[in-house]
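Here the structure comes first, spelled out in structure tokens, and everything after it is commentary.
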Amino acid sequence: MPLKLDAKYLKEFVTAREYRAILPQLNAAHAALHQRTGEGNDFLGWLQLPQQVDGEELRRVKAAAQKICANSQVLIVVGIGGSYLGARAAIELLCSPNYNLLPHPGRPQIFFAGNSLNATALNEILDLCEGRDVSVNMISKSGTTTEPGIAFRLLREYLVERYGDQGARERIYCTTDAAKGKLRELALQEGYETFVIPDDVGGRYSVLTPVGLLPMACAGIDIDQVLQGARDAMEAYMSPDLLENDCYHYAVLRNLLARKGKCIELLVSYEPAFTMMGEWFKQLFGESEGKDGKGIFPATATFSTDLHSMGQFIQQGSRNLFETVVNIRQPQRDRMIPREEGDFDGLNFLSGQPLSQVNSQAMLGTILAHTQGDVPNIVLNVDKMDAYEYGWMVYFFEKACAISGYLLGVNPFDQPGVEQYKQNMFALLGKPGYEQQRQALQNQLQLM
Ligand code: PA5
């Protein structure tokens, strides 16, 4: 197994009786998921997705990536939430967080737009496009999300100005719902190439559809291997037996720890390249579990960097944290520590050792210290991180999240709370039909 859960640091925190007591609930969650009888069961397309990839769609994704690589030095991926985090995480983790600064002959730089309402960020991307050919991949399941919608408006205008109507058409790719939605209508009307987000796959579960696969393919990531990893994980995590299923074991541990007041999960990695994967994880678990007054708050940290900012709190602050450490054993690259005459910094005792060895000892020391400080640590060991392991890990977290949500008693596949800010924003911006709400908000603001 490319990913192995190590629970040895949890002996003080979780008892055999607690494991036994949760088994009936785990079995019920497993049955609800696989028999499709649980809440949100119309959004379970991700469960079999790796096995049901549409071969023709995949071929078109690869062909589009080839075309983009051939005619563009820049690809702008427009999307927010589940419509961009997975692809960005893959590119940073498997290529580099500095992907855009490194030479990639025959591959475009990839910028992400439409994930905020910040004009500076968008203007900066357009500045970076100067003198280079550009393609745009607009990703939105609903087609009506404000942030990517505004960015796409501006980028379409930009492309039409630069390349004319027909030229722009050749450079726009839309990833959206199969049949419904405004983006689908526009794409049909304008003749843009389109890719499908299946109806029964929600945004945060969509990275293994063209949502993630097209940008990944443009960055040179082997998307067949990504899908193979997910497929193998799907097979591996079929059994409801806790001893055989690390994915369920992880979901169970999160639940047991939360019952003891450990209601914040810090997903920790010792790889700076994992940072965006942490953002993807936060969205997956945050939107899936945080509802009905419940949920484990998902947070992330990169160590040892954040030990110098958050280390104090983690060791001795409020005792409501647990950590999940993703331990990628082999870094993509390593470096020996040199010996220095005079040993002015006292670090000669490390000379001749690879930096990865120092990193892994820092990890062990930290796990022991935090565990002693009443912060339970779950460890997920991964030997290396390639496309295959990425696909595997995505499926691991997706399924763990679904089971975790069912154990918690929430619908892990909806996000009703996200609407509230949108309604207020539309009312304040004067969207037709929101007049009453606008007046009420303005009154509320005056009283503050
Ligand atoms: O997980 C989700 O459903 C959300 O994060 C969406 O992905 C996000 O809001 C973007 O939605 P859309 O793809 O419809 O633009």
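Computed from the coordinates by the stated procedures, all read-outs in this text should not be read as laboratory data. Note that the structure is a prediction, hence the values are computed from the model and not measured. No Cβ is skipped: glycine too gets one built from the backbone with ideal geometry, and neighbour counts run over all protein chains shown.
Things worth noting here:
- Estimated Rh, segment 1-160: Kirkwood, alpha-carbon pairs, angstrom: 19.5 Å
- Packing here is the average count of other Cβ atoms within 10 Å per residue, and on that basis the peptides 287-300, 136-149, highest first, run 136-149, 287-300.
- Euclidean distance of C-alpha centroids, segment 152-188 and segment 367-432, integer Å: 31 Å
- Take the Kirkwood radius over Cα pairs of segment 215-368, plug it into Stokes-Einstein at 20 °C and 1.002 mPa s, and you get 116 µm²/s for translational diffusion.
- Segment 77-148, Rg to Rh (Cα coordinates; Rh as Kirkwood inverse mean 1/r): 0.96
- Protection proxy ranking for 254-260, 265-271, using the average of other Cβ atoms within 10 Å per residue and placing the highest first: 265-271, 254-260.
- Angle between the chain longest axis and helix 435-446 axis [Cα atoms, degrees, rounded to 10]: 50 degrees
- Cα coordinate range in segment 193-300, projected on the principal axes (Å, largest first): 50, 34, 28
- The simple spin-label model puts a point 7 Å past each Cα toward its Cβ; for LEU428 and LEU355 those points are separated by 4.3 nm.
- Computed with the Debye formula from one identical point scatterer per Cα of segment 340-446, without solvent, the log10 of I(q)/I(0) at q = 0.13, 0.16, 0.17 Å⁻¹ comes to -0.84, -0.96, -1.00.
- Cα-based radius of gyration of the chain once divided by 2.2 N^0.38 Å, which approximates compact folds: 1.04
- Here the Karplus relation 6.51 cos²θ - 1.76 cosθ + 1.60, evaluated at θ = phi - 60°, turns the backbone of segment 166-173 into coupling constants of 5, x, 5, 3, 6, 10, 10, 10 Hz, with x for every Gly and Pro.
- Here the Kirkwood formula, the inverse mean of 1/r across different C-alpha pairs, assigns segment 1-67 a hydrodynamic radius of 16.2 Å.
- Full-stretch length increase - ALA63, ASP343 - with 0.36 nm per residue and alpha-carbon distance subtracted: 95.2 nm
- Reported value for segment 275-335: 110 Å³ per residue, from the convex hull of its C-alpha atoms.
- Calculated P(r) of segment 298-392 - Cα pairs past 17 Å, %: 60 percent
- Two-site FRET efficiency, ALA178 against MET336, from Cβ-Cβ distance with R₀ of 51 Å, rounded to 0.05: 0.45
- Stokes-Einstein D for segment 79-232, Kirkwood Rh over Cα pairs, 4 °C, 1.567 mPa s (µm²/s): 81 µm²/s
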